[in-house]
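First the structure, in the form of structure tokens, and then the observations on it.
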Amino acid sequence: METSLHNTPLADVHVALGAKMVGFGGWSMPLQYESILAEWEHNRKTASLFDCSHMGEFMIKGDAKASGLDRMVVQTIADMPVNTCRYGAMLNEDGGIIDDLIVYRKGPEDWMIVVNAANIEKNARHFRANLNASAYFEDASFKTAKLDVQGPLSRDVLKVLTSGIERLTYYTFAEFRINGIPCLISRTGYTGELGFEIYCPWEKCKEIWQNILENDTVKPTGLGVRDLLRVEMCYSLYGHELGETISPLEAGLNKFIDDKKDFIGRQILLAGPPKRTIGYFVSASRKSPRAGNKIFDAAGEEIGIVTSGTFSPALQAGIGIGFMGPTAKDAGVEVFFGDEKNKAAATVVKRPFYKNGSLKS
């Protein structure tokens, strides 16, 4: 394993539990503890615990507009109620996605921004360069650990550890205590199931992890199944569906963009319709598409590229996400994936692939 990889506070715990460790976004992370299928089934039916301490957290203080923060993201944040969070993205001057992120409003002028692990340093530079001098900025990524409890029984798991968790609605958060440790807990996640994300002090993460796992309902779960779960929900992943040469319109993030406000990259982003758009397709067999596979139309013409693909246990078929021409993404259209010599049939469908989740239960 590369010695340059960062470790989360739970690195030794994962090894002791028998996890297979891999490098991801510059971090040593657990890929899986048991089979991907077993971890998938457990998450869809009960509750799983993920170590997501590799994610970045920025603390910002200042008025949404006067600080320059509102102009840095595509979503409106000035009207957010306190204790709510909102998904969106941050763009470069060319309208490409620097990163997707979630903005948490902790107070009238108190914010937390959650960003992707691989982009922490790049994002911190961008914030420091574009926030006004009056704004306070702190990169708290190595002070803040993050644990995700996800699955239809996740609320029941946390109710035993802290009171009032049942009051959280989708994309809201509040301050709680677990075993006396202060935590920010939001009702958010990346799996398509009912879930909560716990932000806690770095040095207290291990204690909270152990407290949660004392419940026999919960199993530790790796990033391998997390990726499968997010593909089944058609959630984007930076480096696949998102990147600095990909616009949020191409990536299908239209509903998260407030085109009436000013933001960095707006002029180029809204200059014209995208030449490609994201689409979702189901294989006619168990054969799974892979990132980098080409996408062809029924006539054999190359029309796009696969960005994410996997086998879906829910559908018992291969599923894929990819960029295609504007009309090829319409539901019911027949496409093929692979290469010029080996093509597999698929049908374009509406998102998400998995429709039976407990996300908003």
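What to note about this one:
- Net charge, L237 excluded, C-beta distance under 15 Å - Lys, Arg +1, Asp, Glu -1: -3
- Trypsin sites (Lys or Arg not before Pro) restricted to the range 267-305 and DSSP loop, no more than 15 other C-beta within 10 Å: K275, R286, R290
- J(HN,Hα) series, the range 155-167, from Karplus relation 6.51 cos²θ - 1.76 cosθ + 1.60, nearest Hz, glycine and proline x: 5, 4, 4, 6, 4, 6, 9, 8, 8, x, 5, 5, 7
- Residue-normalised accessible area of the chain, given per residue in Å² at a 1.4 Å probe: 43
- Share of carbon and sulfur in the accessible area of the range 115-218 stands at 47%, probe radius 1.4 Å.
- Considering only the chain, percent of DSSP beta bridges that pair antiparallel, nearest 5: 95
- Reachable lysines from K61, criterion Cα separation under 22 angstrom, eight or more residues apart if same chain: K106, K122, K143, K146, K261
- Prolate/oblate/rounded label for the range 232-361 (Cα gyration tensor, a/c 1.5): oblate
- Simple spin-label estimate for E302 and K341 gives 1.5 nm between the two label positions (7 Å along the Cα-to-Cβ direction from each Cα).
- Extending 7 Å from the Cα toward the beta-carbon at both E34 and R128 defines two label points whose distance is 4.5 nm.
- Rounded to the nearest 20 debye, dipole of the range 82-171 from Cβ charges on Lys, Arg, Asp, Glu: 300
- Each of N215, W202, P182 was scored by the projection of its Cα onto the charge dipole of the range 147-267, and the greatest displacement toward the positive side belongs to P182; charges sit on the C-beta of Lys, Arg, Asp and Glu.
- Mean-position separation - Cα centroids, the range 16-32 and the range 263-342, in angstrom: 29
- Calculated FRET efficiency for the pair K61/E166, C-beta based, R₀ 45 Å, to 0.05: 0.90
- Dipole magnitude of the range 177-291 about its Cα centre (Cβ charges: Lys, Arg +1; Asp, Glu -1), debye to nearest 20: 340
- For Y190, solvent-accessible area (1.4 Å; no DNA, RNA or ligand), Å²: 50
- Choice from N342, N130, N119 showing the highest fluctuation, given a GNM over the chain with Cα pairs closer than 10 Å: N342
- Normalised by 2.2 N^0.38 Å, with N the number of residues, the alpha-carbon radius of gyration of the chain equals 0.99.
- Here is how the number arises for the chain: DSSP H runs of 4 or more residues each give -39500 (n - 2.57), the sum is divided by the residue count, and the result at 222 nm is -4500 deg cm²/dmol.
- Debye, to nearest 20: dipole size of the chain, +1 on Lys, Arg Cβ, -1 on Asp, Glu Cβ: 600
- Modelled spin-label separation between V15 and L213, with each label point placed 7 Å from Cα along the Cα-to-Cβ direction: 1.5 nm.
- The slack between E244 and R177, meaning 0.36 nm per residue of separation minus the straight C-alpha distance, is 20.3 nm.
- Carbon-plus-sulfur accessible fraction, the range 233-361 (probe radius 1.4 Å, protein heavy atoms only): 51%.
- By average C-beta atoms within 10 angstrom, highest first, the peptides 13-19, 203-209: 203-209, 13-19
The values are calculated or read from the model by the stated rules, or taken from the named source; none is laboratory data. As the structure is a prediction and not an experimental result, all values here were calculated from the model. Glycine gets a Cβ as well: all are built from the backbone with ideal geometry, and neighbour counts include every protein chain shown. Quick note on the areas: whole protein, heavy atoms, side chains included, nothing else; ligands and nucleic acids left out. Shrake-Rupley method; radii C 1.70, N 1.55, O 1.52, S 1.80 Å.
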